[in-house]
Amino acid sequence: MMVSDFIRNRLSRFLTHQNEIILHNSIPSYNILTEKFSAVDELGIYLHVPFCNRICPYCPYNKEVYSEESCHQYVHAVIKEIDTYAPMLRDKPVTSFYIGGGTPTTMLGKGIDTIINHIYRHFNMNCHVHMESHPNHLTAENLNLIEAMGVKYLSIGVEALQDRHLKLIERPYTVAEVKKNVERAVGRNFDCINIDYIFDLPGQTESEIEQAAHEIVNMGVHQAATYPFFRFPYTRLGRKFRGSRNVIGTMLRRRRFLKILEGIFYDSGYDRSSVWAFTKKGVDKYCSVTVPLYLGFGASGGTYLRDLFYINTFNVNEYIRAIHEGKSPIALSIGLSEEMQMAGWLYWRLYETKFRKSDFQKRFNKSFDEKYGKQMKILSRLGYLKNGDDQIGLSDKGAFWIHAFEDYFSIDFINKLWGTSKYDAWPEKVVL
Ligand SMILES: C[S@@+](CC[C@H](N)C(=O)[O-])C[C@H]1O[C@@H](n2cnc3c(N)ncnc32)[C@H](O)[C@@H]1O
Ligand code: SF4
C-alpha cells in the first residue's frame, strides 16, 4: 500500500468510523423509497444531461457524444423516471433544481423544455432553475430559449482565458469568442451568471492567473468558480500530466495561485461563497444543490436521503433500456451509518464555508459541540476556521486545506466510483 493510500484510509476511518465504504448493486424497493421520501421535509432535484458535442480530454463527467436518436429516447426515459417518483414525493417542497452534465445546452430545442415542464407539473417546485451551459451555445437565439425555460442561474464553462491554454485543453473557441458570448449572457436578465475557470493548468504563470481574474471581473459576471486542474487517471490529459506530480510542489503552487485569485476577487467586491467560488456581494449564489437531501434523474443521477445514497447506471443506453423494460435504473446503493451521515454533513457544510451548529442539532438531534467541539477548537486555534457561538465560518487558510483535501481524498473516491461506473454499467460493487 502506498503512503498516500494509507493516509486516505486512516482519514476515512477517522471521519466515518468505517473500515471500508462499499456500494453494492442492491436496489431499494418502492416501499422503502416511499418511506424515506416521506421522512424528508424538503429536497433538491438534480437532472443529468449526459451529452456533449465533443469530448474534452480532461473531463471526468459522465457524458457521450450527442446524437439526435439517443437524445430523443433519453427524454422519454427521464419523463418515465419522473413519473415513478411523482407519487412518492407528492407535495414535498422542492427548494433547489439543478441541471448539470455533460452539457445541458446540447438539448436546447430537443426536449429539455419538455422535461423541465414535466418536473414543474409533477412536483411542488419552490425554486428557479440553475443550469450549466457551453459557451459556444450562447447565441442570442439560444439565450431566448434558456430564459423561456425559467433558468435564472446560468453557469458557463469558460475554463481558460489565454488562447494557449484553451488550445492545450482542446476547447473549441478563442478568448475573443468566449468573451463575446459571456458578455451576451451577462447582458440578459439572469439573477446570477457563473463562469467556471480552471487554474494550475500545465505551464500556467502567476501573471496569466492575474490577467484572467481581471478579465473575469471586467466581463461583469456575478460569480466565478475557480477549480484547480484535477488530473483524473481515466482521462487522457489526466494521465498525461499525472506522472509529473509533485504533491508538495503542487500544493504550494496552488496556494500562491489561489491567493492571487482571492486578492483580486475580494478587491473587486466579491465574497467567497464556497470553497471554489467567489460571488459578488448581494448576489444570490449559483450552486449545484443548496439543500442537503436530493433526488437525481437521468444516467448517473445520484439520490441522497439521510441514511441512503444510490446512483443510477452511468451508461445512457442501459439507462434508457432499463426504464423502457420497466426496470429500475439504479445501479449502486449504500446504507449510511449515523457516523457517516454526520461526517458527510460536516464536510459539505465546511465546503459551503459557513454553517450553524443549531442546524446540526436539528438534523441529528445531537449537540454539535459535544460531537465535534474539540476538533473545531483545535482548527480554530490553528486559524482554519472562526468558531462562533452558533456560526462556524471557514477562513481562507481553511478553504485552501479543503482544496488540498479534495485533490487528495475526494478525487480518489470519485475516480473509483465514476471510473468503475464508466466502464461497467452494472457493477457488482465499488469499494471506496
Ligand atoms: C459539466 S462541465 C460545464 C459545462 C459544459 N459542459 C462545458 O464544458 O462548458 C463542468 C465544469 O467542470 C470543470 N472541470 C471539468 N474537468 C475538470 C478537471 N479535470 N479539473 C478541473 N475542473 C474541471 C470545468 O470547469 C467545467 O466547466
Ligand atoms: S468539459 Fe463540458 S463539454 Fe467538455 S466533455 Fe466535460 S462536460 Fe462535455
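For this structure, a couple of remarks:
- In the set (1) outside any loop (DSSP other than H, G, I, E, B); (2) acidic (Asp, Glu); (3) within 16 Å of ligand 2 (Cβ to nearest atom), residue 170 fails one condition alone, (1).
- Per-region count, region 218-257, residues assigned to a helix (DSSP H, G or I) and not aliphatic (A, V, I, L, M): 14
- Pick from region 57-82, criterion closer than 15 Å to residue 46 by Cα and not hydrophobic (A, V, I, L, M, F, W, C), ranking: nearest to ligand 1 (Cβ to nearest atom): 61
Residue-by-condition table, conditions (1) loosely packed, with under 14 Cβ neighbours inside 10 Å; (2) within 13 Å of ligand 2 (Cβ to nearest atom):
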position: 187; (1), (2): yes, no
position: 193; (1), (2): no, no
position: 212; (1), (2): no, no
position: 238; (1), (2): no, yes
position: 248; (1), (2): yes, no
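- Candidates 66, 46, 61, 74 - the one that is modelled with pLDDT under 95 and within 16 Å of ligand 2 (Cβ to nearest atom): 61
- Contact annotation: residue pairs with Cβ atoms under 7 Å, 6 or more positions apart or on different chains, pairing a residue in region 125-137 that is farther than 16 Å from residue 54 by Cβ and open to solvent by less than 30 Å² (accessible area, probe 1.4 Å) with a partner that is more than 16 Å from ligand 1 (Cβ to nearest atom) and among the hydroxyl-bearing types (Ser, Thr, Tyr), are 127/95; 127/96.
- Among the residues examined, residue 95 qualifies as open to solvent by 40 Å² or more (accessible area, probe 1.4 Å) and polar (S, T, N, Q).
- Restricting region 46-56 to residues that are in a strand (DSSP E or B) and open to solvent by less than 20 Å² (accessible area, probe 1.4 Å) leaves a set whose member that is nearest to ligand 1 (Cβ to nearest atom) is 52.
- Screening residue 154 on (1) under 18 Å from residue 283 (Cβ atoms); (2) open to solvent by 30 Å² or more (accessible area, probe 1.4 Å); (3) within 15 Å of ligand 2 (Cβ to nearest atom) shows it passes everything except condition (2).
- Some residue of region 108-121 being away from ligand 1 (no atom under 16 Å from the Cβ), assigned to a helix (DSSP H, G or I), open to solvent by 10 Å² or more (accessible area, probe 1.4 Å) and among the basic types (Lys, Arg): yes
The values are calculated or read from the model by the stated rules, or taken from the named source; none is laboratory data. If you're wondering where the values come from, they're calculated on a predicted model, not measured in any experiment. Every residue, glycine as well, gets a Cβ built from its backbone with ideal geometry; the counts of neighbours run over all protein chains shown. Please note that ligands, DNA and RNA were not included when accessible areas were found on the heavy atoms of the full protein model with its side chains. Shrake-Rupley method; radii C 1.70, N 1.55, O 1.52, S 1.80 Å.
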